[in-house]
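We did not get these values from a lab; they are worked out from the coordinates using the rules stated. Since the structure is predicted, the reported quantities are computational estimates derived from the model, not experimental observations. Cβ atoms come from the backbone with ideal geometry, glycine included; neighbour counts cover every protein chain shown.
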Amino acid sequence: MGCAGSSQSKADGTVKKIRKPKPWKHPQPLTKSQLMQLRDEFWDTAPHYGGRKDKYSGMACSCTMWFYGYSMRTDVVDSKRFARILGRPKKITNDMFFGSLEIWDALRAAAEADIALAQAIVDSAGVIIQNADLTICYDERGAKYELPKYVLSEPTNLIREG
């Protein structure tokens, strides 16, 4: 079935259907270009920092890994000691903390597509949908993907330019 709270299961044939997000209002009115800039910033940082642009999110991951006895290498962490204690895999990669690039790419394509195409994209990528509006999803290994509403739809207080 995937993660607790998800309702998508390929084994029993049930799949959570995607729907458009409910209308929402941004705290400050945005122009279309400002909205596009927010979206670009999110998609540029999401695969590396889970959508957070601050430099400390990567450091927090490194510190957590150090605390649990991991030694950092370029992409891969040697975790034999931790694996013995908790039964974790021998090698832990960054995508276990921030998700896989392929899933982020699929979610971006789905966010920019119409509903029918978005459904086909997430189904073929193996994305487990927790919220039907795609704000919270998981991959098959349990990595969580959170999408802000501004990448999924336009706010009701969008300033129309021109």
Expressed in nanometres to one decimal, the distance between label points 7 Å along Cα→Cβ at Leu101 and Val15 is 2.7
Quote the FRET efficiency, to the nearest 0.05, computed for Lys22 versus Glu146 with a Förster distance R0 of 25 Å and r equal to the Cβ-Cβ distance. 0.90
